[in-house]
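The values are calculated or read from the model by the stated rules, or taken from the named source; none is laboratory data. Model, not experiment: these values are computed from the prediction. Cβ placement follows ideal geometry from the backbone for every residue including glycine, while neighbour counts extend to all protein chains displayed. Side chains included, ligands, DNA and RNA excluded: accessible areas come from the protein's heavy atoms. Shrake-Rupley method; radii C 1.70, N 1.55, O 1.52, S 1.80 Å.
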Amino acid sequence: MGYTAEDENLIKEKWDDLLLSCTKICKNDEDWNFIKRAFFLAKEAHEGVRRRSGEPYLLHPIAVAKIVIEEIGLGVKSVVAALLHDVVEDTEYSVEDEYFRKVLLTLSDDVRVILIKIADRLHNMRTLGAMPMNKQIKITGETIYLFAPLAYRLGLYSIKSELEDLCMKYRFPQQYA
């Protein structure tokens, strides 16, 4: 059930781009290996799975990890958590099976979990066009009432503005155009 050669090339391109961003946060081989292990676990867990848009699912956690570094400014553990954020939720893996269980449990009482959820929501909003209208309405409602104000409270002003803008795009497409 794997991916096509074209999918694999796209995944590699996005992964290489993420690794380039990781040069800002990785201080030693241990950091690099931690992120690489998380990526390969996510790749195995999401093998062959596609998003509603048709793109390989693995591109989503890579994009969330990129947002975590580039737009929020978090570090290695947060990148690992971003890469793995849907593994337990959307696959047959459980926290008990999880190689990175310690990190996931460490982050359970950590504000970085909220920041990763905001990054996840931002990427989902950027790709919302592939969802049916009823899902768009539900997701934009959650975003405008919960995620945008939360981003604002946490000082993520550009993310807050982008979330609001994307909500308007999907909620009021004629006026937005």
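Evaluated against (1) over 15 Å from D17 (Cβ atoms); (2) at pLDDT 95 or above; (3) in contact with a Gly (Cβ under 9 Å, 6 or more places away or on another chain), P56 falls short on exactly one condition, (1). Filtering V87, V95 for residues that are modelled with pLDDT under 90 and surrounded by 20 or more Cβ atoms within 10 Å (Cβ to Cβ) leaves a single hit, V87.
With a requirement of 1 or more residues that are modelled with pLDDT of 95 or more, the helices (runs of 4 or more DSSP H) lying completely within segment 114-177 that satisfy it span 133-142, 148-153, 157-171.
The C-beta contact set for segment 116-127 (first residue within 12 Å of L83 (Cα to Cα), second residue open to solvent by 20 Å² or more (accessible area, probe 1.4 Å) and modelled with pLDDT of 95 or more, distance under 7 angstrom, 6+ apart or interchain) comprises A119/I72.
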